[in-house]
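Structure first, then comments.
The values are calculated or read from the model by the stated rules, or taken from the named source; none is laboratory data. The structure displayed is predicted, hence computed values, not measured ones. Positions of Cβ are generated from backbone atoms using ideal geometry, with glycine treated the same way; all protein chains shown enter the neighbour counts. Heads up: the accessible areas ignore ligands, DNA and RNA and are worked out on the full protein's heavy atoms, side chains in. Shrake-Rupley method; radii C 1.70, N 1.55, O 1.52, S 1.80 Å.
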Amino acid sequence: MTVWDELVGQEPVVEVLQRAVAAASSGGSGMTHAWLFTGPPGSGRSNAARAFAAALQCERGTGCGECHSCVTARAGSHPDITLISTQGLSIGTDQAREVVRAASLHPSSGRWQVLVVEDADRLTDQAANALLKAIEEPPPATIWMLCAPAVEDVIVTIRSRCRSVVLRTPPAAAVARLLVERDGIDAQAAREAAQASQGHVGRARALATKDEVRRRRREILDLAGSLRTPGSCLRAAATIHELAADHAKDLADSADAKELADLRAGWGVEERGKRPAGYAGALSALEKEQKRRRTRLSRDAIDGMLLDLLSLQRDVLAVQLGSVQDPGDLVNADVAGEVQTLARLGTAESTLRRVDAILECRESVAANAAPLLCLERMMLALAA
Amino acid sequence: MASPFGSILLVTGGSEFLADRVRRKAVGQIREADPACEVAESEAGRLVAGELAALTSPSLFSTSSGLVITGLEDLVDAAQAELLAYAAEPSSDVAVVLVHGGGNKGKGVLDKLRKNAAVHEVKVEAPKYERDHVTWVRREVTDLGSTIDEEAAALLVTAVGQDLRALAGAADQLVSSAGQGVRVDREVVAQYFGGRADVRGFEIADAAIEGRLAAALEQLRWAEANKVAPVLVTSAFASGLRSLTKLADVRGGLRDNEVASAIGAPPFKVRALRSQLRGWEPEGLARAMDVVARTDVEVKGGGADPAYALERMVLQVAAARRG
C-alpha cells in the first residue's frame, strides 16, 4: 500500500504531486518550496499534504509506504515532518514564530525539512505575517505545505507565495470503494454512507461504522416528516437543539475534565486547603475558553444537522424536477420512500422556499442569534 | 445611645447601600459625641501589620479618635490578629466601625469578633421580594418623618424598581415635596412618578401578545430609556410565544398541572396563557415566531437600529393576532 492510496478520487492531484516528487529527486523542474492545498471539508487536504511529505522523504523516492521513512511519516513521528494544527480557535503569533524557527533547521535524517500547517485558515493575520518571510525564502531543503478550505481563507500575501493544489469533492463511488477496501464494510452500506456524506470521507466512515451516528442522522431526517402543527415544529427544533448540546457535551466533557486536572496539577492545588494566589484567575480564564469551545462544538453540530436536512430537500427537489431516475442515486437513498412522499406533497417552488429557510437558519446561527429560536423559525417555515 | 467610644460597631451583610448608610450614621454619632475627634477611614485590604496599632492609639491633638475600616473581608492575616487583640481590650477613647461586605470571605474573623463584649453587630440585608421592598419604602418614609400607605408604596416600587438607592432617593424627594408629617398617598406618588415604570421584557411581551398595543409600545420606550438590553426583550417574546404555541398543541381536558408539565411552564401561568391563547390562530403564532427570530438577528448586529427593530416587532406581533 503506497502513501497515495488513501487519497480517494483525487487522481489528477496525485499525478501532479508524483511528478513533483520525481522532479525533486532528479533536480528537474516541477518542484517548489511552498504549496497550498485547498478543497472542501473531508476531501483530504491534510492527507494529501502528508502523503506528499511522506513521498518526498521516502527512501525509494516514490512513496512506497513500506520503507522506514514512509512508516514513520504515516505514524506522524517522522523527525523532519512537522505538523502544525490547533484545537482552539486560532493559531497565534507565538506558535507561528516557533514554526519559523523550526523551518530554519537542517533536516536531521531525511532529505527535506517539511512543515505542514493543517489549519492555515486559522492563522491570525499577525501569525500569517510572521510566516511570510520564512515562506517566501526558506532554506534550500525546507518545504512548506499549507492546508485551508479555500484559497480566500489565507491572506493574499501568503497565497501569492504558494503553489496552489485544488482537491475536488471525491465521487461517491470512490469513497465507497475506500470504505470497502480499507475498513471492510459491505458494498451496499458503503455506497449508502458515501452518498449520504456527499463526499466527506470522514463522515462517510463514521456513518458506515457507528450505529449512533447513523441513528442520529435518521432521527434528523425523520423530523422533516413530523412537522404538522406549530407545536410539533417547536418540538422538532428542541430535538435538534438537544442533540447538538448532547453532542457537544460528549466531546467537551472529557477534554474539560482533563484540562482542569492539568491546571490543578500545574498550580499544585489540592482538594482542601488554600488556593495559591492567581489560581482563581487562571481557572476562570480556562472556564471561559471551555465554554467558548462548547458553544462552537454545539453550533458546528447544529450546522451538520442542518446540512442533513438540506440534502433531504435537495433530493426532494431532484425528484420533483424529474432529474433523478434511479432512487439509488439520491443522496439519502436509504429514505427514498420518504423523499418520494415529500416530493408528492409539495411543489418545486415550495421546496426551494424550504431550502432558503434552511440556508437562512445556518446564516443566523453563524451570526450569533439564539440557536433555538432560529431552529424554531426554520421548522415553522418548513411546515408552511 | 451609649457613647460610641470604647465600643466596636460591626456592620455585616450584602447590601452595600445600607451598610454605607449605617457607617455614615455611626461616624455622625462619633462626631456628635466629641466634635474634636478625628475619624480615620481605611480599607482593610491596604492595612499592613502594625498600622492598626497606630490607628487605635490616641492622637496628639485630641484625646479621642475614631476609626472606620471598610472591606473587612480583605484584611490580611497579620492585621487580623492585631484587630482581634484590640477587640479583646478596646481603648475607652477610641470608637471603631468595621464594615464587612458580606459573603463568606473573612468569616473566621467575624465569628471571633462576635465573641467579644465590646462588639455590637448590625446586620444589613437588602429586601428580596417585591413585598419586602414595599415594607422597606414604608419604613424609610416613616424614618424621614412622614407616612405612606401600602398602595402608594407599592406604586412607587413598580415605578422606580427595586434598586434601594433609587428608592431611597424617591422617598426623600416625596417627603420633601409633600412636607414633613404629611401623609404621602397615591395621588402624590402618581404626580411625581406616574406613567414611569421599571419595565422588564416579559411585561412588554405579555402586552403585545394580549393585543394591548399602546401599552406595549409605551413600555418598550420605557425599557429603552432604562437601558434594558434588546436581547432580553426578544428572548421574552420568544419564550412567551413558545409557551403559547406549545399550549395550542395540547389537547383539551387536561388539568392545569398536567398542561404545565406538558409545555414546561409553571402551573400558575397556565391560566394566563389560556386566556392569551384565545386571541391566536396557529398561523398567526408561526408568523409571530418568524418576526421575533428575525428581530433577534437584527438586534445582534444584523440590522441598523435595534430600537427600530424592536418597535416593528411589537407592531407585527400584535398584528399577527386573530382578526
Do you know which of the residues in the stretch A:355-369 that are within 14 Å of chain B (Cβ to nearest Cβ) and surrounded by 15 or more Cβ atoms within 10 Å (Cβ to Cβ) is nearest to the chain's Cα centre (by Cα)?
-> A:Arg362
Taking B:Ala223 as the residue in question, decide whether it is within 25 Å of B:Ala126 (Cα to Cα), part of a helix (DSSP H, G or I), in contact with a helix residue (DSSP H, G or I) (Cβ under 8 Å, 6 or more places away or on another chain) and hydrophobic (A, V, I, L, M, F, W, C).
-> yes
Determine if the stretch A:195-202 includes at least one residue that is in contact with a Ser or Thr (Cβ under 7 Å, 6 or more places away or on another chain), surrounded by 14 or more Cβ atoms within 10 Å (Cβ to Cβ), on the phi > 0 side of the Ramachandran plot and not assigned by TED's automatic domain parsing to the domain that holds A:Val16.
-> yes
Does the stretch B:271-315 hold any residues that are more than 10 Å from chain A (Cβ to nearest Cβ), in a helix (DSSP H, G or I) and open to solvent by 70 Å² or more (accessible area, probe 1.4 Å), and which are they?
-> B:Arg271, B:Arg274, B:Tyr308, B:Leu315
Counting only residues that are within 14 Å of chain A (Cβ to nearest Cβ), in a helix (DSSP H, G or I) and open to solvent by 60 Å² or more (accessible area, probe 1.4 Å), how many does the stretch B:243-258 have?
-> 1
Say whether the condition of being within 12 Å of chain A (Cβ to nearest Cβ) and part of a helix (DSSP H, G or I) is met by at least one residue in the stretch B:259-266.
-> yes
Of A:Leu123, A:Leu83, the only residue that is open to solvent by less than 30 Å² (accessible area, probe 1.4 Å) and not acidic (Asp, Glu) is A:Leu123
Any chance you could count how many residues in the stretch A:319-331 are closer than 26 Å to A:Ala187 by Cβ and open to solvent by 10 Å² or more (accessible area, probe 1.4 Å)?
-> 9
Find the residue count for the stretch B:171-196, including only residues that are under 20 Å from the mean Cα position of the chain (by Cα) and open to solvent by 30 Å² or more (accessible area, probe 1.4 Å).
-> 3
Can you find a residue in the stretch B:187-200 that is among the polar types (S, T, N, Q) and closer than 30 Å to B:Met289 by Cβ?
-> no
Please work out which residue is nearest to the other protein chains (Cβ to nearest Cβ), limiting yourself to the stretch A:343-354 and to residues that are within 16 Å of A:Gly225 (Cα to Cα) and either open to solvent by 40 Å² or more (accessible area, probe 1.4 Å) or not in a helix (DSSP H, G or I) (or both).
-> A:Arg354
Per-region count, the stretch A:1-28, residues part of a loop (DSSP other than H, G, I, E, B) and among the hydrophobic types (A, V, I, L, M, F, W, C) | 5
Considering only the stretch B:25-34, state which residues are in a helix (DSSP H, G or I) and either of a type in the set (Gly, Ala, Ser) or over 16 Å from B:Asp143 (Cα atoms) (or both).
-> B:Ala26, B:Val27, B:Gly28, B:Gln29, B:Ile30, B:Arg31, B:Glu32, B:Ala33
Condition met for A:Ala224 (under 27 Å from the mean Cα position of the chain (by Cα) and surrounded by 15 or more Cβ atoms within 10 Å (Cβ to Cβ)) | yes
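Yes or no, residue by residue, for (1) within 16 Å of B:Arg21 (Cα to Cα); (2) out of contact with any Lys or Arg (no Cβ under 6 Å at 6 or more places or on another chain); (3) open to solvent by 60 Å² or more (accessible area, probe 1.4 Å):
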site: B:Lys128; (1), (2), (3): no, yes, yes
site: B:Arg131; (1), (2), (3): no, yes, yes
site: B:Val134; (1), (2), (3): no, yes, no
site: B:Arg138; (1), (2), (3): no, yes, yes
site: B:Gly145; (1), (2), (3): no, yes, no
site: B:Ile148; (1), (2), (3): no, no, no
site: B:Ala153; (1), (2), (3): no, no, no
site: B:Gln162; (1), (2), (3): no, yes, yes
site: B:Gly169; (1), (2), (3): yes, yes, no
One residue from A:Leu372, A:Leu309 being part of a helix (DSSP H, G or I) and either away from every other protein chain (no Cβ under 14 Å) or over 20 Å from A:Ile240 (Cβ atoms) (or both) | A:Leu309
Output the residue which, of all residues in the stretch B:73-103 that are of a type in the set (A, V, I, L, M), open to solvent by less than 30 Å² (accessible area, probe 1.4 Å) and farther than 14 Å from B:Ala26 by Cβ, is nearest to the chain's Cα centre (by Cα).
-> B:Leu75
For the stretch A:67-170, please list each of the helices (runs of 4 or more DSSP H) lying entirely inside it that holds at least 2 residues being farther than 26 Å from A:Gln10 by Cα and under 16 Å from the mean Cα position of the chain (by Cα).
-> none
Considering A:Arg272, A:Arg294, which residue is away from chain B (no Cβ under 14 Å), at pLDDT 85 or above and open to solvent by 60 Å² or more (accessible area, probe 1.4 Å)?
-> A:Arg294
If you take the residues in the stretch A:203-218 that are open to solvent by 60 Å² or more (accessible area, probe 1.4 Å) and touching a residue at least 40 places away in the same chain (Cβ under 8 Å), which one is nearest to A:Ser311 (Cα to Cα)?
-> A:Arg218
Only one of (1) buried (at least 21 other Cβ atoms within 10 Å of the Cβ); (2) within 14 Å of chain B (Cβ to nearest Cβ) is not met by A:Val339, so which one is it?
-> (2)
Does any residue of the stretch B:203-216 turn out to be in a helix (DSSP H, G or I) and under 20 Å from the mean Cα position of the chain (by Cα)?
-> yes
Complete set of residues in the stretch A:231-274 that are in a loop (DSSP other than H, G, I, E, B) and touching a helix residue (DSSP H, G or I) at 6+ places or on another chain (Cβ under 8 Å) | A:Val269
